[in-house]
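S.K.: Sharing a structure below in structure tokens format, with a few things to ask.
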Amino acid sequence: MGKMDWVKQKLDELKAEGRYIPIRTLQSAQGAWVIIDGKKMLNMCSNNYLGLANHPEVRKAAIEAIEEYGVGAGAVRSIAGTNELHIKLEEKLAKFKHAEAALVLQGGLLANLGTIPVLVGKEDVVFSEELNHASIIDGVRLSRANKIIYKHIDVDDLRQKLKEHRNSGKRALIITDGVFSMDGDIAPLPEIAELGEEYNAMVYVDDAHGEGVLGDHGRGIVDHFKLHGKVDIEMGTLSKAFGVMGGFVTGTEELIDLLKQQCRPFLFSSALNPGDTAAAIKAVEILERDDSLVKKLWENARYLKKGLEDIGYTLGNSKTPITPVMIGNEKKTVELSNILYKEENVFASPIVYPTVPRGTARIRLMPSAVHSKEDLDYAIEAFERAGKKLEII
């Protein structure tokens, strides 16, 4: 047996269990409809919530920045890679989020991986939500802090864990997703912030799916709950509702200064490209001036959810535009996705273990502000035909 034969065996296992996910290649810009394999497909699984990934103003800003500053930053931020555009974006994000300061990084995942180990180390303790994103889990691992997991959206369990374990670490950090990406439910952040005060624990929220969705003009979960000054660290991404690429952290000026000295992705990876940075600046400006895209997103989400529930689908406990069509069985979920793709021209990816727990497989739909009512009707009708064919509904 060859030393790499295990790779094929692993792939065969994934296929046999119905957990091998085909990765589709888009041949067009992101939007309500995309081209895949030469076919026009209704796009129901992008995180491009507000349609900004192909917005004319955002595209123009990127092109103009490339013409002025080139395509690459050329260095890490701490050596020669910090461009004036990075500073402008950070100032805009801090103002938009009602925070003292912001730090822009190359992605949301890197923001979590880089920030958490600066906040806590092996003498400290982290209280982490059980359904936190993989990047939080990996960031906590890198920190080497003692990790205590509390139950999903269970404030009583968090309180109990804090009582039992807070004194096991010098510093303590409570960390949670704001909006849970697979279920669309929302963290009880006001209660978490109170527990942070009571137990002298820093509070960190990953707002990747709240930016551009929750709060006034899409300012996120802290604004949604009016918790400015009560949540110590907010992490956000520029690659979902903002439609571009990159991640950021907001907090006090001193915290951001410390991250510039110790955050590894900031210190050891080249900076965000000028085009991306300028595009992100424009996305923030669009949100600042006008909340019509945010309102349209929510209107479309309500319409889609009602249509799917009316034909017999279960959508879990989503409180946001994230729409998980719960199937349960892994093979059937992949089969449903394939029928939608091949027979209905609907691009809707299956979500199976290990992304979600076994037995909770689903197709996660992501309506956007650029979908029309006709687009959503098309999706609902396709789900009805495919669901009946597989005897799911």
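The values are calculated or read from the model by the stated rules, or taken from the named source; none is laboratory data. Predicted model only: the values in this text are computed from it and were never measured. Heads up, the Cβs are rebuilt from the backbone with ideal geometry, glycines too, and the neighbour counts pull from every protein chain shown. The protein model used for the area step is the full one, side chains on, heavy atoms only, and it has no ligands, DNA or RNA in it. Shrake-Rupley method; radii C 1.70, N 1.55, O 1.52, S 1.80 Å.
S.K.: Ignoring solvent entirely, what values of log10 I(q)/I(0) come out of the Debye formula for the range 176-274 at 0.11, 0.13, 0.14, 0.24 Å⁻¹ when each Cα is a single scatterer?
M.R.: -0.35, -0.49, -0.57, -1.31
S.K.: If you don't mind, there's one more thing I want to ask. Could you calculate the FRET efficiency of Ser292 with Glu67 from 1/(1 + (r/R0)^6), where r is the beta carbon distance between them and R0 is 35 Å, rounded to 0.05? Could the numbers behind the result be given before it?
M.R.: Numbers: r = 30 Å, r/R0 = 0.85.
Calculated transfer efficiency: 0.75.
S.K.: Just the accessible area per residue of the chain, please: how many Å² with a 1.4 Å probe?
M.R.: Details: 17650 Å² over 393 residues.
With the other protein chains kept in place, the chain gives 45 Å² per residue.
S.K.: Report the full-extension gain for the segment Ala80 to Ile23: residue separation times 0.36 nm, less the Cα-Cα distance, to one decimal in nm. Write down the numbers at each step before the final one.
M.R.: Details: separation 57, 0.36 × 57 = 20.52 nm, distance 3.67 nm.
Between Ala80 and Ile23, full extension yields an extra 16.8 nm.
S.K.: Once you have the alpha carbon radius of gyration of the chain, what is it after dividing by 2.2 N^0.38 Å, with N set to its residue count? It would help to have the intermediate numbers written out before the result.
M.R.: On the way: Rg = 21.4 Å, N = 393, 2.2 N^0.38 = 21.3 Å.
That ratio works out to 1.00.
S.K.: At 7 Å along Cα-to-Cβ for each site, give me the label-to-label distance between Gln9 and Leu267 in nm.
M.R.: Placing both labels 7 Å along Cα→Cβ, they lie 4.1 nm apart.
S.K.: Set the Förster radius R0 to 25 Å, insert the Cβ-Cβ distance between Glu374 and Lys342 as r into 1/(1 + (r/R0)^6), and round the FRET efficiency to 0.05. Each step should come with its number before you reach the end.
M.R.: Numbers: r = 22 Å, r/R0 = 0.87.
Efficiency, from the Cβ-Cβ distance: 0.70.
S.K.: Two decimals is fine: what is log10 I(q)/I(0) at q = 0.18 Å⁻¹ for the range 236-327, from a Debye sum with one equal scatterer on every Cα and no solvent?
M.R.: -0.94
S.K.: P(r) tail for the range 310-393, what percent of Cα pairs lie past 14 Å? Each step should come with its number before you reach the end.
M.R.: On the way: 2172 of 3486 pairs.
Result: 62 percent of Cα pairs exceed 14 Å.
S.K.: Can you compute the modelled spin-label distance between Arg141 and Lys331, with each label point 7 Å from Cα toward Cβ, in nm?
M.R.: 3.1 nm
S.K.: Among Lys305/Lys373; Lys226/Lys319; Lys60/Lys95; Lys97/Lys122, which pairs are too far apart, with a Cα-Cα distance over 21 Å?
M.R.: Pairs exceeding the cut-off: Lys60/Lys95; Lys97/Lys122.
S.K.: Using just the C-alpha positions of the range 29-175 as equal point scatterers, what log10 of I(q)/I(0) does the Debye formula give at each q in 0.15 1/Å?
M.R.: Evaluating at q = 0.15 Å⁻¹ gives log10 I(q)/I(0) of -1.01.
S.K.: Another one. Of all accessible surface on the chain at a 1.4 Å probe, what whole percent is carbon and sulfur? Present the calculation step by step, with values, prior to reporting the outcome.
M.R.: On the way: 8820 of 17650 Å².
For the chain, the apolar C and S fraction of the accessible surface comes to 50 percent.
S.K.: Still on this structure, I have one more. Could you tell me the extents of the range 51-95's C-alpha atoms along the three principal axes, largest first, rounded to whole Å?
M.R.: 34, 27, 15
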